[in-house]
Structures are given as C-alpha cells and as structure tokens.
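Below: one structure, written as structure tokens.
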There are 2 protein chains.
Amino acid sequence: MISTSIKQELRSIVGEEWFLETPEDLATYSYDAFLQEYTPDGVVIPETADQISRVMQIANRERINIIPRGAGTNICGSSVARKGGIIMAFHRMNRILEIDPESMCAVVQPGVVNADLQKEVEKYRLMYPPDPASMFVCTLGGNVALNAGGPRGVKYGVTRDYLLGLDVVLPNGVIIRTGGKTLKNVSGYDLTRLICGSEGTLGIITEITVRLVPLPSAKATLQAVFSDVDDAAKTVSSIIASGIVPATLELIDRVVLNVIRDYGGAEFSPEAEALLLIEVDGQSSALEAQGKSIEKFCKERGAIQVDRATSAEEAEKLWQARRTAFGAVASLRPNCIVEDATVPVKRLPEMIRKIVELADKYALKIGVLAHAGDGNLHPLIMTDLQDKKEIGRVDKALDDMYEAAISMGGTLSGEHGIGIAKDRFISKEFSPSAIEIMRGIKRVFDPNNILNPGSFL
Amino acid sequence: MISTSIKQELRSIVGEEWFLETPEDLATYSYDAFLQEYTPDGVVIPETADQISRVMQIANRERINIIPRGAGTNICGSSVARKGGIIMAFHRMNRILEIDPESMCAVVQPGVVNADLQKEVEKYRLMYPPDPASMFVCTLGGNVALNAGGPRGVKYGVTRDYLLGLDVVLPNGVIIRTGGKTLKNVSGYDLTRLICGSEGTLGIITEITVRLVPLPSAKATLQAVFSDVDDAAKTVSSIIASGIVPATLELIDRVVLNVIRDYGGAEFSPEAEALLLIEVDGQSSALEAQGKSIEKFCKERGAIQVDRATSAEEAEKLWQARRTAFGAVASLRPNCIVEDATVPVKRLPEMIRKIVELADKYALKIGVLAHAGDGNLHPLIMTDLQDKKEIGRVDKALDDMYEAAISMGGTLSGEHGIGIAKDRFISKEFSPSAIEIMRGIKRVFDPNNILNPGSFL
C-alpha cells in the first residue's frame with residue numbers, strides 16, 4: 001500500500017487529477033490484452049519527462065513498483081501490476097514532435113498512436129512500416145517496449161529496425177539519451193536496441209526518434225486457395241526464391257477458414273485447406289510483372305483458385321477473410337489464446353503439421369494464422385479459461401509447441417513478447433548463463449527491481 | 001608477462017604451432033589499420049569454440065587480457081593490446097557452415113571474409129548487403145564486433161540489420177547462444193545487437209547467423225559533377241524526397257577530386273566542386289525510369305556534367321574516381337586519418353562547410369568522401385603523424401568536428417567504431433549516466449575486465 005503522503009507527493013508532481021485510485025480506475029488498469037487481472041495500487045499519468053523523472057525518484061526511494069503501459073494491447077501480460085505497484089500511463093504524452101522529410105525521420109512522444117503517425121507521415125509521401133494488428137489503438141512507446149512487428153515485417157522488418165534514438169528515464173530518475181537522428185550510429189553499446197523489446201523493465205521511454213521510408217507508390221494484392229497446406233507453403237518458398245519480397249504474405253489454415261466461412265466472413269471452396277494473401281508494393285511498373293509471376297507460382301503449385309485484385313475495392317475484398325479472422329475465431333469459444341511461435345521459413349509446413357497433431361493429441365481446437373513470409377505463426381487456441389481441465393491440456397500443448405519451435409531453430413516469440421505469458425518457458429530458449437547475463441543487465445539499470453518486476457525476468 | 005607454464009597450457013589447447021611469440025609475429029599483430037602500435041604478449045589462434053572456451057577459462061583465472069582480432073582492418077584501434085595481453089586471431093575459423101536459400105540465411109564462422117560470403121550466396125541469387133570498403137579482406141567476426149557499414153548502407157542498412165543470431169564465448173568460458181535463425185525474434189533482451197558493435201569487449205563471437213536478401217537483378221549507375229557543393233547536397237535531398245532509395249549515393253568534394261585528378265585517377269572539369277556517384281538497383285523494368293529521374297534531378301539542380309552508364313564497363317569506369325580516392329589521398333602525405341562523423345542527411349551541406357572552415361582555421365588539408373545518402377561523412381585528414389605540431393592542430397580540428405556533428409544531432413561514429421581512436425570524445429555524445437550504464441553492462445559480461453580492456457570504456 002502507498003501512504004497518503006506519497007500519493008500527495010505524486011499528485012503535486014503530475015497534477016491533482018492525474019493520480020487515480022478509485023476502484024473503477026484501478027479495475028480499468030488491472031489487465032491488458034493478455035486478460036490476467038492484477039489490481040494496481042494506483043495509476044499515474046505524467047505529462048513530461050521531467051515529471052516522470054521526479055515520480056521515479058520517489059518510486060526508487062520508496063521501493064514502489066512502476067509498470068509503464070501504453071494502450072495495453074500487448075497479449076503477453078507485460079503491462080500489469082503482477083507484483084503490485086503503480087501503473088504509469090502515457091495518454092498525455094501523445095504529440096508528434098517533429099517530422100523531418102529531408103532526413104527521413106520523425107520524433108514522437110511515447111503515447112502517440114501508431115496509425116496516427118502513419119497517417120501524418122503519409123502526407124509527406126513517407127511510411128512508418130511497423131504495422132501491428134492493433135495499430136489503430138497501440139502506442140509507439142508500447143511498440144518500442146515490445147519491439148512490435150506486423151504483416152509488413154517480411155519486407156520491412158520490425159520496430160527495432162526503424163529506431164534511431166530514445167530518451168529514457170532510468171529507475172533512479174536520471175534521463176539518458178541513446179542513439180540520435182542519424183541512420184548510421186556505432187557509438188558505444190547499442191542501448192537503443194537493448195531497451196527496445198525490454199518490456200518496460202529497464203527504463204521509461206519518453207521520446208522516440210524513428211526512421212521513415214518512401215511511401216510505395218502502388219501495390220498489388222492476390223489471394224490463392226489451396227487444397228493442401230504443403231502446396232501453399234511451397235508457394236511461399238517459390239515466391240521468395242524468385243527474388244520477389246512481398247510486403248505481406250499471410251497464410252490462413254483450414255480450421256480458421258472454416259470458422260470464417262461459418263461466421264459469414266467470406267466464401268471458399270469446401271476443399272480449401274489453406275489460403276495465401278499476398279501483397280507486393282513498390283513502383284507500379286514493376287508490380288504488374290511481379291503480380292503475374294506470383295499468380296504463376298500459385299497455379300504451378302496447385303492452387304485451386306487465384307484472385308488478383310485490379311482495383312483498391314477488389315483488394316479490400318481480398319483482405320476481408322484475413323480481417324474477419326480474429327472476430328470469427330473469438331466468437332466461437334469464450335476465449336482465444338493467440339500464440340506466437342516462430343520458425344525459420346522453410347520449417348513452416350512442418351510446424352503447421354505439428355500444431356494439427358497437437359490439437360488432435362490434446363483434443364483442442366487450434367487454428368493457424370501465419371505471417372508465412374517470415375515464419376511467424378499465430379496458432380489460435382479456441383478455449384475457455386474457466387475450464388480448468390481444458391486449460392491443463394492447453395498448457396501441455398503450449399509446452400510441446402515451444403519445444404518443437406525451438407528444436408527447429410525457432411523462438412518462443414516472434415513479435416508478441418514474453419511478459420508473464422511465457423516467462424516459465426524462457427529457459428527452453430536460453431541457457432542459464434544467458435539468463436544470468438540478462439538478470440545482470442536488469443540490475444545495472446534497476447538495482448532496486450522496481451520497473452515492471454512481474455515481467456519476464 | 002605470461003609464464004612458460006601458461007603458454008604451455010595454451011599450446012596444449014590450440015596446438016603447438018598456434019601460439020605465437022616470436023618478435024616477428026608479435027610485431028605483425030602489434031597494430032591494426034589505426035596504426036598505433038602496442039606489442040602483445042602472444043598470439044593465440046584457436047580452431048573451435050570449445051578451444052576458445054578453454055583459453056578464456058585460463059585467461060579469466062590468470063587475469064590475462066584477450067583481444068579478439070579479425071583482419072585488423074578497423075581504423076579505430078579496437079584490436080590492439082593497448083593494455084597488454086594476447087591477441088586472438090580467427091583465420092582457422094573461416095568456414096561458411098551453411099547457406100539456407102529457403103529460409104534466406106547463412107551460418108558462418110567469424111574468420112570468413114566478407115567478400116567470400118558475398119560470392120558464395122550470389123550463387124543462390126542472394127545477397128549479403130553490408131559492404132565495408134575492406135570487404136575483400138575483412139572478416140564477418142570483425143564486421144559484427146564493429147557493426148560495419150558500407151556504401152550500400154543508405155538502402156540496405158548495416159551489419160546489425162542482418163544479424164539473426166550469435167554463438168558467443170563469455171570471458172568465463174561459458175558459451176551462450178543469442179537469437180536464432182528466424183527473421184523475427186523478441187524473446188528476452190536483445191543480446192545479439194548488444195554484442196554487435198561492442199568491439200570485442202563483451203564476448204568472443206564464434207558463430208554468426210545472418211539474414212540474406214534476394215540479389216537485385218539489375219543496377220544503373222550515374223555520375224554527376226557540380227560546380228557548387230550545395231547543389232550536390234540538394235540533389236541528394238531531391239532524389240530521396242522523390243521516393244527513390246539508391247543503393248549507393250556517394251559524394252566526393254573538391255579537395256579529393258583535385259587529388260584524384262593530380263594522381264591521374266580520372267578527369268573532371270576544373271570547375272568541379274563536388275561529384276555524386278549514384279547507383280540504383282532492383283528490377284530492370286523500374287531502373288530505366290529511376291535513372292532518368294535521377295538524371296533530371298541532377299540537371300535541375302545545376303550539375304555541369306551527368307554521365308549515365310549503359311553497360312557494366314561504363315559503370316566500372318564511373319566507379320573509377322571513387323575507387324582511386326583512398327590511394328590518391330594516401331600518396332599525398334605520409335598519413336591519412338579517415339574520420340567518420342555522421343549527421344542527419346539534411347545537415348550534410350552544413351557539415352561539409354564546417355569541415356572546409358576547420359581545414360582553413362587549423363591550416364590542414366582535409367578532403368571529404370561521404371556516404372551522402374545516410375549523412376555518413378568520411379573527412380580525410382592528410383597529415384604526418386611524426387609532425388607533433390601539426391598533429392596538435394589535427395586534434396583540435398577533430399575536437400571541433402565532433403562538437404559540430406553532435407550539436408547537429410549526429411554521432412562520433414557512423415560506421416568505424418570508437419576503439420582507442422575516439423574514446424576521449426565519448427563524453428561529448430553520452431551523459432555520465434549513459435556511460436555508467438555501459439560500464440555496468442561491461443562488468444556483467446566481464447567482471448575481471450580481461451576482454452579488450454584498452455578499448456572505448
């Protein structure tokens with residue numbers, strides 16, 4: 001519990017109305033998209049880096065846990081007060097500070113919504129590539145803390161690849177600057193990328209400088225339906241081997257296609273075992289040829305139907321199935337666990353087969369969405385968190401799934417993070433010495449362990 | 001000094017002939033391309049990660065410094081025994097272990113030469129983009145330790161952007177694995193990128209997994225000569241603002257052009273104040289249009305001559321000036337200091353003006369080569385290291401130069417590293433707290449400070 005005098009100190013820093021503690025407010029901040037609830041002791045909403053610095057000095061002195069939280073869209077539980085403490089929210093720090101089209105970069109506060117930045121930079125014919133599914137809600141601060149990815153990752157990479165510099169408040173209240181505004185920088189240890197993906201455990205991000213790229217002038221969208229998931233996977237290999245790098249290369253498996261069909265989201269052949277949604281972007285002169293090549297690869301590999309959009313409306317229609325997928329799947333059972341196991345691209349068919357096998361073995365309903373171009377699978381486990389017996393089987397299936405992903409040279413998490421969702425699996429991926437190094441780094445930044453201490457370490 | 005019994009222990013691990021200590025051998029390993037000499041106490045050349053682990057256990061126990069060294073091409077002095085110790089060389093670990101065209105990655109040992117990897121992956125129509133000027137000699141282990149860049153950086157980024165995973169021997173001999181083979185990975189702290197650019201101070205890299213990209217099917221090369229350096233810089237901005245991202249965008253200033261002309265390297269108009277060498281790559285259908293657009297921008301911005309290559313031979317001829325530059329400059333005075341100050345792209349003309357001003361102020365001959373597309377300048381200071389008075393002025397000019405770069409939002413080093421060359425400047429870029437964090441990280445990995453302790457921290 002936090003004493004009245006400390007609450008008063010916090011209020012005097014951020015303003016009377018920006019420290020919350022009513023039961024309603026605490027309930028609001030008690031969970032994120034991972035859906036495990038931990039009631040915090042309070043919520044603080046600062047407006048400046050200086051306020052954050054002063055809040056952290058108090059927290060450090062009083063050993064109060066601080067858990068930074070953007071929009072709470074992460075699905076690994078990395079923004080909840082698992083060990084008690086104060087949630088720090090950033091919706092007062094939501095300004096785009098600068099867009100510099102000549103140096104192709106932007107400077108933003110952590111509370112800026114991803115899609116808002118995208119929209120602004122498009123006015124300069126520029127693009128900020130990372131596009132997590134939650135982009136209309138999630139914030140850049142959260143994106144950096146979780147190193148967010150998205151469908152465009154296969155061509156454009158993830159948040160880490162667009163970070164130039166950060167302002168960060170350390171747990172002791174000191175503000176440090178890492179990186180800068182230059183595209184190249186090899187000065188000192190790469191603290192920028194160390195903080196990226198650290199899930200709010202090392203410092204509080206107060207300013208972010210990102211790199212921008214030219215907005216592609218055109219795109220082409222195709223959809224191909226296969227009666228065999230291996231054919232779809234082989235098509236992915238053919239496309240990549242041909243030297244075409246699609247901006248998006250999404251795979252939907254039979255289980256999810258059936259759910260979408262039943263939901264009324266889209267129509268497919270009853271034989272459909274897999275669907276590929278493929279988008280290429282760039283200069284229009286090159287796209288026509290690329291679209292035709294992709295169509296050819298799909299047909300050669302046995303696609304039973306290929307549709308190529310010839311207008312923006314048609315493209316939107318092709319995206320329909322993919323966009324409906326989460327809603328359709330969520331409607332089926334009380335809960336849907338979105339997993340994130342990731343493997344080298346060529347092991348994708350093997351991993352999909354493994355998931356089908358696990359669904360069978362543990363009597364579970366598991367569908368697969370995949371960013372197939374980069375081997376990033378999202379197995380969707382349709383379940384009921386209240387059904388303890390079923391959840392026991394889910395846990396066993398997850399155990400086997402991560403074991404399989406790692407044995408194929410893959411990872412626990414491609415883009416969703418570890419948080420409290422996967423912390424018990426981390427020793428599958430890392431040796432005790434690697435984990436000890438990570439713990440040591442945590443101690444260097446945060447000797448009193450007050451920053452998001454419930455998260456993965 | 002290292003005792004006879006320890007030398008014997010080392011020999012028993014790596015093999016009798018792979019521990020060197022004759023004066024000739026020690027002299028060979030006493031300097032790198034930074035040219036400051038420190039005679040090491042010995043040279044050890046291991047063949048396996050296991051041997052390295054055993055060597056490190058002895059070094060850690062006996063507090064013997066170990067300085068890993070690839071081909072010694074770094075120009076910041078990050079591979080010399082400044083504080084004594086043993087140089088560890090990697091030419092026995094020079095095998096490409098795997099090229100996986102389907103998952104678009106390769107696994108190599110640290111001693112593989114950059115150009116050898118490039119050549120091998122081209123057989124699969126793939127490309128490993130980082131292309132430091134020393135690519136025909138330098139090794140991947142060194143590239144990772146220094147986070148090497150190169151002319152293609154403006155489009156393709158640097159070594160860090162192609163790293164998927166590492167095997168690393170810690171100073172205590174424990175081998176850890178970071179990252180993996182997947183394109184996406186957000187599991188735990190990003191140790192892979194923390195070790196990249198750490199200049200051999202955190203661990204010994206024994207295996208490297210890199211991402212590959214499709215080899216562009218064609219390229220177009222142009223050269224434009226300007227009578228005003230500002231016009232050249234504005235052309236760079238025009239090209240980038242148009243949405244074209246050249247693979248290479250090099251600038252050569254008047255001082256260097258004159259040296260090249262006098263050296264007989266190439267012919268230019270006597271009015272030439274700056275030259276741009278521009279290369280675009282990709283699908284041939286798009287390149288024709290891009291080449292024409294670039295030609296148009298150059299002429300609109302006042303280029304006095306524009307040449308567009310229509311064959312590989314013509315392209316090679318256009319590269320002639322750039323390739324001759326270092327040789328020509330080196331022939332002029334006993335020494336050439338290659339600097340690496342980097343600024344946001346739009347500050348490039350300002351930074352070039354600053355360098356001209358400093359040359360004048362301190363009576364020095366300074367030319368500029370620049371990877372203009374990413375703001376990475378290479379001021380070339382033609383001097384004589386024996387002339388103490390002149391070197392005093394060089395030091396003052398460097399001081400002013402870094403001050404200026406950092407005040408423009410730039411960095412001490414875009415791609416060459418800090419090493420012993422710039423360690424005294426590091427507090428210009430980083431606050432004491434940021435440096436303290438870096439020192440803390442160093443202690444976590446290397447509590448006895450035996451790994452390259454002479455380098456930047």
Report, in whole Å, the centroid distance computed from the Cα atoms of the stretch B:299-333 and the stretch A:189-228.
36 Å
Expressed in nanometres to one decimal, the distance between label points 7 Å along Cα→Cβ at B:GLU403 and B:ALA218 is 5.1 nm
Acute angle (nearest 10 degrees) that the helix A:49-62 long axis makes with the longest principal axis of chain A, alpha-carbon atoms:
70 degrees
Only four residue types carry charge here, +1 at the Cβ of Lys and Arg and -1 at the Cβ of Asp and Glu. Report the dipole size of the protein assembly as shown about the Cα centre in Debye, rounded to the nearest 20.
820 debye
Quick one: if you stick a label point 7 Å off each Cα along the C-beta vector at A:LYS83 and A:THR48, how many nm between them?
3.2 nm
Student exercise, the stretch B:240-323 dipole from Lys, Arg, Asp, Glu Cβ charges, in Debye to nearest 20
160 debye
The stretch B:4-89: percent of C-alpha pairs farther apart than 21 Å?
24 percent
In the protein assembly as shown, what % of DSSP beta bridges are antiparallel (nearest 5)?
90 percent
Residue-wise, which Karplus ³J(HN,Hα) couplings in Hz belong to the stretch A:236-249, taking 6.51 cos²θ - 1.76 cosθ + 1.60, θ = phi - 60°, and x for glycine or proline?
4, 4, 4, 4, 5, 5, 6, x, 7, 10, x, 6, 9, 8
Within 11 Å, Cβ to Cβ, of A:GLU271, how many net charges do the neighbouring residues add up to if Lys/Arg are +1 and Asp/Glu are -1?
-1
The protein assembly as shown, helix-only ellipticity at 222 nm - DSSP H runs n ≥ 4, -39,500 (n - 2.57), divided by all residues, nearest 500
-11000 deg cm²/dmol
State, to one decimal in nm and shortest first, how far the label point of B:ASP116 sits from each corresponding label point in the other identical copies (label point: 7 angstrom along Cα-to-Cβ).
5.3
Please report how far the C-alpha centroid of the stretch A:401-453 lies from that of the stretch A:124-184, rounded to the nearest whole angstrom.
20 Å
For peptide B:409-416, how many partner chain Cβ atoms fall within 10 Å of a residue's Cβ, on average?
6
Using r as the Cβ-Cβ distance of A:LYS119 and A:TYR31, and R0 as 30 Å, what FRET efficiency do you calculate, to the nearest 0.05?
0.55
The stretch A:333-422, Kirkwood Rh and Cα Rg, ratio Rg/Rh at 0.94
Between helix A:348-361 and chain A: long-axis angle, C-alpha atoms, 0 to 90°, nearest 10
80 degrees
Note, the stretch B:72-79: 3J(HN,Hα) by Karplus (6.51, -1.76, 1.60, θ = phi - 60°), whole Hz, Gly/Pro = x, goes x, 8, 5, 10, 10, x, 9, 9
So which aspartates and glutamates pass the test for A:LYS442, namely a Cα distance under 13 Å, with those fewer than 8 places away in the same chain ruled out?
A:GLU199, B:ASP190
Sorted shortest first, the nm distances from the B:LYS317 label point (7 Å along Cα→Cβ) to its counterparts in the other copies are 5.4
Loop trypsin sites (Lys or Arg not before Pro), the stretch B:109-148, which have at most 10 other Cβ atoms in a 10 Å radius of their Cβ (DSSP):
B:LYS123
Non-local amide H neighbours of B:ALA218 (under 5 Å, H modeled in plane, Pro and chain starts lacking H): which ones?
B:GLY282, B:SER284
Once the dipole of chain B is set up from charges on Cβ (+1 Lys and Arg, -1 Asp and Glu), the residue from the list B:ALA145, B:ALA372, B:THR324 lying farthest towards its positive end is B:ALA145
Rg/Rh of the stretch B:216-321 (Cα atoms, Kirkwood Rh), to two decimals, equals 0.96
Taking amide H positions as placed 1.01 Å from N in the peptide plane, with prolines and chain starts having none, which residues 5 or more places from A:GLY419, or on another chain, fall under 5 Å of its amide H?
A:PHE456
Within chain A: Cβ-based charge dipole about Cα centre, in debye rounded to nearest 20 (Lys, Arg +1; Asp, Glu -1):
800 debye
Please list the radius of gyration and Dmax for the protein assembly as shown, considering alpha-carbon atoms only, with Å as the unit.
27.7, 84
Measuring from a point 7 Å out along Cα→Cβ, what nm distances, shortest first, does A:GLY84 have to its partners in the other copies?
5.3
Would you be so kind as to identify which of A:ALA133, A:THR201, A:THR221 lies farthest towards the positive end of the dipole of chain A, taking Lys and Arg as +1 and Asp and Glu as -1 on Cβ and the Cα centre as origin?
A:THR201
Does the stretch A:47-87 classify as rounded, prolate or oblate by the C-alpha gyration tensor (a ≥ b ≥ c root eigenvalues; a/c under 1.5 gives rounded; else a/b over b/c gives prolate, otherwise oblate)?
oblate
If R₀ is 30 angstrom, what is the calculated FRET efficiency for the pair B:ARG443 and B:LYS7, using the beta carbon separation as r and rounding to 0.05?
0.55
Nearest 10 degrees, 0 to 90: helix B:284-300 Cα axis against chain B principal axis:
60 degrees
Over 25 Å (Cα to Cα) among B:LYS361/B:LYS422; A:LYS299/B:LYS292; A:LYS155/A:LYS299; B:LYS184/B:LYS422 -> A:LYS299/B:LYS292; B:LYS184/B:LYS422
Under the rule rounded for a/c under 1.5, else prolate if a/b exceeds b/c, else oblate, using alpha carbon gyration tensor axes a ≥ b ≥ c, chain A is classed as prolate
For a quick check: sort A:ASP281, A:ASP374 by the number of other beta carbons within 10 angstrom, fewest at the front.
A:ASP281, A:ASP374
Could you name the aspartates and glutamates in cross-link range of A:LYS7, using Cα to Cα under 16 Å and dropping any fewer than eight places away on the same chain?
A:GLU16, A:GLU17, A:GLU21, A:ASP25, A:ASP41, A:GLU62
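Read-outs: derived from the displayed coordinates by stated rules, not from any lab. Computed from a predicted structure; not experimentally measured. Neighbour counts run over all protein chains shown; Cβ positions are idealised from the backbone, glycine included.
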